[in-house]
Structures are given as structure tokens and as C-alpha cells.
Amino acid sequence: IQLVPRYKEKSTRKIEAYASYDEKFLYIKVKPFYTENERFAKTIARDGNFEGEDAIFIIIDPLCSGKYYWFGVNLLCTKQDGNGIEGGGSSKEWDAIWDCEVKQHKNYWYAIFKIPWKAIKSLGPTLG
């Protein structure tokens, strides 16, 4: 994890990530480590701007086609989602039904994403 991600640079923070799935959902848990005073979040509106806030984003390209879906959450469990659009870039116009849980602790916080397979239009666990 990085405060401001930079391509091919070493992470500036420790992070743990886990993934699992069942017939209906993809589960992803992300756990960044921080000191207590470094955390910040203010956005409470869905698809609001998380700039400068502590947030986690997951990007999924289920068919390796360049057409991706992204899911984000901040410390307040405010959700963002969107999809990649033709010609590059992304759009927040796409909204999926998915769930997320956020918990804060003294030296870390975590988010558990629960994403339905049908939300990312994949074939589910058989995708490989």
C-alpha cells in the first residue's frame, strides 16, 4: 500500500489481503496498517470523492478483456463503484449491489468486500 500509489515503487505501508469465494460471492479482505493519527475520512455520500482520504479500492477484470469493475470503501464504510469505459477511463454511473464491512482498530483497519458474481458479470468460481 502507498499513500499515493506510484507504479513499480515499493509500498510505504504494510498491508495484508485475503480472498475467498463461494457459489454466489467473491470475498476480499484488505487490512492496511497505520498509526492511529494517520487515518482520515469524511465522505458519506455513495460515489463521493475520496481524494485525500483513507480508502481501499479493488479492481476486477473478470475476463482479462480490459473491461473492469472497481469497488472502493473508506473508513466510514462509504462505498464507491464503477466500471471501465471504452477508450479508457472509468465511470461512476455503474452501480452494483454489494456489501462491505469496515472495522477500525488502534494500528490498522480492515474492509471486507462481499461482491456477488453476477455484479461483475463473470461465470463465478468456474472462471479459473
For the stretch 85-107 the number of residues that are in a strand (DSSP E or B) and either within 25 Å of residue 33 (Cα to Cα) or aromatic (Phe, Trp, Tyr) (or both) is 6
Six or more apart or on different chains, Cβ under 7 Å: which pairs go from a residue in the stretch 25-50 that's modelled with pLDDT under 70 to one that's of a type in the set (D, E, K, R) and in a loop (DSSP other than H, G, I, E, B)? Could you list them? 36/106; 39/54; 40/53; 40/54; 41/53; 41/54; 43/53; 47/92
How many residues, within the stretch 16-34, are touching a Ser or Thr at 6+ places or on another chain (Cβ under 9 Å) and under 13 Å from residue 60 (Cβ atoms)? 3
When you check residue 72 against the structure, is it at pLDDT below 85, of a type outside the set (D, E, K, R) and either open to solvent by less than 50 Å² (accessible area, probe 1.4 Å) or part of a strand (DSSP E or B) (or both), yes or no? no
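The values are calculated or read from the model by the stated rules, or taken from the named source; none is laboratory data. The shown structure was predicted, so the numbers you read here are calculated from the model rather than taken from an experiment. A quick note on method: Cβ atoms are made from the backbone with ideal geometry, for glycine too, and the neighbour counts reach across all protein chains shown. Surface areas here come from the heavy atoms of the whole protein model, side chains and all, with no ligands, DNA or RNA. Shrake-Rupley method; radii C 1.70, N 1.55, O 1.52, S 1.80 Å.
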